[in-house]
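Comments concern the structure below.
Here, each number is a calculation from the coordinates, and none is a lab measurement. Everything numeric in this text was worked out from a predicted model, so none of it was measured. For neighbour counting, all protein chains shown are included, and Cβ atoms are generated from backbone atoms with ideal geometry for every residue, glycine included.
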């Protein structure tokens, strides 16, 4: 990242506090600015729909407190913000409309996370899976 550029802002939507803190620490160590973390679909949706807050990407836990994060994914798509799901479940739970987006299975491997984050910054879509 160029010194004059602002760090990319990544929304973290994760309902497990330890995972959220670990993700936030990892992203910050890699030079990203963390938005959140938030732990519910309502809070993530508020961030995703806030057009005054720039977002360069998002990591969405597929299941936030028993609610699928698909509404957040819809809002991010409308804004053109790239995102990846994170999940401790099978990726088959993802709505077919979003299956082209990556899904990082927990525990998240740092190499896969870095690949997804780089794709956010380049405007390319990381490989799903």
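Were the residues from residue 5 through residue 26 laid out at 0.36 nm apart, the gain over their Cα-Cα distance would be 5.6 nm. Between segment 48-88 and segment 10-31, what is the separation of their alpha carbon centroids in Å? Distance between centres, Cα-based: 14 Å. Once P(r) over Cα pairs in 10 Å bins from 0, in percent is calculated for the structure shown, the corresponding label among (i) 15, 42, 33, 9, 1; (ii) 14, 51, 32, 3, 0; (iii) 13, 46, 35, 5, 0 turns out to be (ii).
Full extension of the chain between residue 92 and residue 17 yields a length gain of 24.6 nm, computed as 0.36 nm times the residue separation minus the alpha carbon distance. Calculated mean residue ellipticity, 222 nm, the chain: -10500 deg cm²/dmol, from DSSP H runs (n ≥ 4) at -39500 (n - 2.57) each, averaged per residue and rounded to 500. Our estimate of slack between residue 115 and residue 100, defined as 0.36 nm per intervening residue step minus the Cα-Cα distance, is 3.9 nm. The mean sequence separation of alpha-carbon pairs under 8 Å and at least six residues apart, normalised by the residue count of the chain, gives a relative contact order of 20 percent.
Peptide packing: for 117-123, 82-88, the average count of neighbouring Cβ atoms within 10 Å per residue gives the ranking 82-88, 117-123, highest mean first.
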